[in-house]
Structures are given as structure tokens and as C-alpha cells.
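Novice: Please find one structure pasted underneath; my questions will follow.
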Amino acid sequence: MLEEFSIYGIPFKKILIAIITLLIAVVVAKIITINVRRALKEKLERERVELLNKIIYYGIIVIAAISVLHQFGISMSGLLVAGGILGIAIGFASKSVVGNLISGIFLIIERPIKIGDQVNIENVSGFVEDIHILSTIIRTYDGLYVRIPNEKVFTSDITNYVAHAARRFEYLIGIRYSDDAERAI
């Protein structure tokens, strides 16, 4: 009886299966994201857990949508070509973001600076407050927070004042010619 009905030439049975598939995908995605949130609530920052949940949720929905489109006979090759062109356009548009991301990964691996270090980067002096994947936050001696993109941090000269325990300080002390030099020393 369901085979008799069709909408725009698509059998009602296929439409019903597609709707049920998408609903099941939404339910499964919700269950997985709730469990991920519970498991990682105390292990990661809230913002990172929410970002991971969104990636998982929409990833499951996209996979289900692709499988539904395949049931309707829509070829994925056209979508892949369009996705490739879109990927190239996004790649050119986000060149600096990708550069900051890669520089952030290298900064985390190489660790030329650590949180709490006193540094001078790009003529900004202060304490390293946080090292994110895209930028580094420095609190200046004036109390200002400065965000420096990791690409600039990685490619610029970094002066780390506390990386080595022994440091040399140079003081210039002047005395008058009429004063006793031995006594001044």
C-alpha cells in the first residue's frame, strides 16, 4: 500500500525510511554527545567539550544525510567536486589561520616558552598567561592582556628572561671625580 504513494516520483516508502534514518541519527548523536559531555566534564575546559560535542553531533548528522541522499540515487561525485572547490577556496581564505594553527602545534611541541615565563615577543614584554592553539596571551607589566598570533610568536625573536636560572645584570653607577674610588667600590 505504501508503494502506491509517491511525492515528485519518489516512493513514499523511501521518504519514510529517510526520515526515520535522520531521526535515528539525531537521537544517536544526542546520546553520544551527552555521554561525551559527562565523561569529559572534569577533564577538559567547558568550551573545548562543547566544541567537541558540536563536531561529533554534526558529523553524525552529515553522515546520515549523505547516506539518505545515496538512497535517493543522488550521485556523490558532484558533491565531492563542489566540496573540493569549496575546500580550496576556504584554504586560501584561511591561510593565516592554518599558519597560526601549525605554529601553535610547533610551539606546544618545542616549548620555547611556558605559562608564567617573563618574555619579550614582538616588543611586548610581560608574563605568558596562556598558550592557545592559535594565539598566545601575554599580560604586560602594565596589566594589559595582549594576544599575539602564534605565527608571529614562532617566527619572531623570543627573549625568555626566566628560562635559565643564572642571569647577569649590569648596573652603571657614576661617582664624581672628587670622590674616593676605592671607597665607592
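Bear in mind that the values in this text are calculations on the coordinates, not laboratory data. All values reported here derive from a predicted model rather than from experimental measurement. Here the Cβ positions follow ideal geometry from the backbone for every residue, glycine too, while neighbour counts run over all protein chains shown.
Novice: Give me a count of the residues in region 32-55 that are in contact with a helix residue (DSSP H, G or I) (Cβ under 7 Å, 6 or more places away or on another chain) and of a type in the set (Val, Ile, Thr).
Specialist: Going through region 32-55 one residue at a time, the tally reaches 4.
Novice: Next question, about the same structure. Could you tell me whether any residue of region 37-54 is surrounded by 12 or more Cβ atoms within 10 Å (Cβ to Cβ), free of Cβ contacts under 8 Å to residues at least 24 places away in the same chain, closer than 26 Å to Val98 by Cα and of a type in the set (Val, Ile, Thr)?
Specialist: So far as region 37-54 goes, yes, one or more of its residues are surrounded by 12 or more Cβ atoms within 10 Å (Cβ to Cβ), free of Cβ contacts under 8 Å to residues at least 24 places away in the same chain, closer than 26 Å to Val98 by Cα and of a type in the set (Val, Ile, Thr).
Novice: Restricting to region 150-172, and then to whatever is within 21 Å of Leu101 (Cα to Cα) and not acidic (Asp, Glu), can you tell me which residue is surrounded by the most Cβ atoms within 10 Å (Cβ to Cβ)?
Specialist: It comes out as Val153.
Novice: A further question follows. Say we look at region 56-70 and pick out the residues that are touching a helix residue (DSSP H, G or I) at 6+ places or on another chain (Cβ under 6 Å) and of a type outside the set (Val, Ile, Thr); which of these is farthest from Thr33 (Cα to Cα)?
Specialist: So the residue we want is Ala64.
Novice: Also, I was wondering about something else. Looking only at residues in region 90-149 that are of a type in the set (S, T, N, Q) and out of contact with any strand residue (DSSP E or B) (no Cβ under 7 Å at 6 or more places or on another chain), which one is surrounded by the most Cβ atoms within 10 Å (Cβ to Cβ)?
Specialist: For region 90-149, the residue satisfying everything is Ser103.
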